[in-house]
1. Out of Ala150, Ala160, report the one residue that is under 27 Å from Ala263 (Cβ atoms), of a type outside the set (Lys, Arg), buried (at least 24 other Cβ atoms within 10 Å of the Cβ) and at pLDDT 95 or above.
2. What residue, among those in segment 251-276 that are touching a residue at least 12 places away in the same chain (Cβ under 8 Å) and assigned to a helix (DSSP H, G or I), is surrounded by the fewest Cβ atoms within 10 Å (Cβ to Cβ)?
3. Can you name the residue in segment 88-103 that is in a loop (DSSP other than H, G, I, E, B) and either surrounded by 17 or more Cβ atoms within 10 Å (Cβ to Cβ) or on the phi > 0 side of the Ramachandran plot (or both) and is also modelled with the highest pLDDT among such residues?
4. Consider segment 320-353. How many of its residues are within 34 Å of the chain's Cα centre (by Cα) and over 22 Å from Val429 (Cα atoms)?
5. May I ask you to list the residues in segment 277-296 that are assigned to a loop (DSSP other than H, G, I, E, B) and either polar (S, T, N, Q) or surrounded by 15 or more Cβ atoms within 10 Å (Cβ to Cβ) (or both)?
6. Here are some conditions: (1) closer than 20 Å to Leu562 by Cα; (2) in contact with an Asp or Glu (Cβ under 8 Å, 6 or more places away or on another chain); (3) not in a helix (DSSP H, G or I). Ala405 meets all but one. Which one does it not meet?
7. List pairs: first in segment 286-305 and farther than 20 Å from His549 by Cα, second among the hydroxyl-bearing types (Ser, Thr, Tyr), Cβ under 6 Å, 6+ apart or cross-chain?
8. Could you check segment 239-291 and list, in sequence order, the residues that are acidic (Asp, Glu), modelled with pLDDT of 95 or more and out of contact with any helix residue (DSSP H, G or I) (no Cβ under 9 Å at 6 or more places or on another chain)?
Amino acid sequence: MPKVAALQFATGTDVDENLATCIRMIDRAAADGAKLMVLPEFCNRISWYQDLDQAWEYALDLDGPFLRTIAARARMHKSYVLINVSLRRQYRKGEKPVITVTSLFYGPGGDLLGEADKQSLMGHENDFFTPATRAAGLVDTELGRIGFIACRDGISFEPARRLALAGADLLCNSLNSFAFDEASLHVRARAAENRLFMVAANKVGPLVPEQELAQVSAMTSIPESLLYGAGESQVVGLDGRPVVEGKRGVEQVVMAELPDRDARLRLSMGTLARRQSSLYEGLKQSALTPSSDAEEEVKVALISPQGTGIEAIERAEELIVDLPENVALAVLPACFPVADPAQDWARTMQLCSLAEERLAEVSRKNGVAICTSVIEEGVHGWHHVGILLDESGRRLVQPQLHRCAMGLAPAGSVLQVFDLPWGRVALLVGEDCFYPELSRMAALKGAHCVLAVPSQRASRGSRKDENVPLLMAARAAENRICLVAAMPGTDGGLVASLEREFTLLEPWRERHFDGNINKPIMTRQQGALTVAALHPRAAVNKMLSSNTHLLRDRAHQSTDHLLQVAADTVE
């Protein structure tokens, strides 16, 4: 079982001191037996510059003394070392210098085995650095096929997904982040959605020059204490839960033993087999801006009626009739009148048909939209179909797009959206909500909210203990989109809303920065009825920071790879 280590430490403005810190931490990890060491982002200098000339001055040459020393340390310890630095690429008089944010992977012989430029830049990084022109970052080793990304590229699902499709069995992430939600949400979601272990190394210490902390704090309205690297480096398991986790504010080596390559492959086998690349062409479209006419706030209800058959239908009617008048939408779990739909598909369809008829009547009388799913007969037999009802009957019919855990063939080929009075919605049925491609497509279509009704077997853990709350929160955060998921039982559903204020470097009036940039406001279902507030209009703003739009500035270099039936190699 190989030992892997995330090296957590601070860097400053002195390149020689930073190199000494890197060497000290590599030696420390090697002494503990680490065979793979992941260092944070921007190891050569903290990423804060007066101008482009200064950024060039502090950037490294690929064959310069800093990186030669790192290579020699990898050779000395016969270990793999992943380090991220700002790298000089091109300087021509009269032209803008080309500097990249680059992860470099050194092998036990000291050779540079692979490199990857950062694809999506964050905020002021756009003033100094050039994004990647191609997707990269995959290396074959005796430890496994190792894929690596850097910081902002892990906030979007595409780069890690591309590496998983190309055969990576271990992911690494170098971070330079003060955001608590990057460690608790995005890093872990990348592991969980691909069912791959992740080694993530983050900084501690100030991320701007110490003498400028007070000035930057005043300029950004971020407390000085939160302009420090968040730490919390971690090794994450296949379910998105940490195997081991570092502390905040402390230099340390965060180490874990992982299963060997064959065992990891067995654990993740089949994870991506049901992807349907032909469904994801919408990933290439330009992002539509969601309508600003959406409601500022709307109340939604999660309903989980107990019982089965007629009893469940009648209980659902009662719960909806008794809803407060300000509730605009009720979401019910998939095929809620039936305990096990597969026992008798014909009977299941009859119950679903009766349920829809009676719920449609309740919708007409009470003026509340209702979302659930039903089983109905189609061209290829029985199908799982999501429906959205209002006073006019069926307004959105969304067949499941991926094969159903209940054994049913998919019946749809297009993800649809529909405009309710308070905002645009998309509906994900059954296992569809576990595919990050579809939530991204909903956001690109201008949706304010995703409605999810996972199938009963999926929600009961047939997907190898899927970490549903983590994945649903990630879908909401990385797309800046509200999400409502209804699941069987009285504690499985959840509502993910959005903070109204989230763009960095802009004044916030409603909240103070607490270390979380874009952590959704989560409401977990409690009992048969849970009412929560959504903020649909908040989905309009997707500017994470200056020059950083969550959708328009996503990692386009990875998108084409997600549309291929198979990706055997990475350039």
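1. Only one candidate passes the filter, namely Ala160.
2. Per the stated criteria, the residue is Leu265.
3. Pro97
4. 4
5. Those that are assigned to a loop (DSSP other than H, G, I, E, B) and either polar (S, T, N, Q) or surrounded by 15 or more Cβ atoms within 10 Å (Cβ to Cβ) (or both): Gln285, Ser286, Ala287, Thr289, Pro290, Ser291, Ser292, Ala294, Glu295.
6. (1)
7. As it stands, the answer is Leu302/Thr530; Ser304/Thr490, since those pairs meet every condition given.
8. Within segment 239-291, Glu257 is the sole residue that qualifies.
The values are calculated or read from the model by the stated rules, or taken from the named source; none is laboratory data. Worth saying up front: this structure is predicted, and the values here are computed from it rather than measured. A quick note on method: Cβ atoms are made from the backbone with ideal geometry, for glycine too, and the neighbour counts reach across all protein chains shown.
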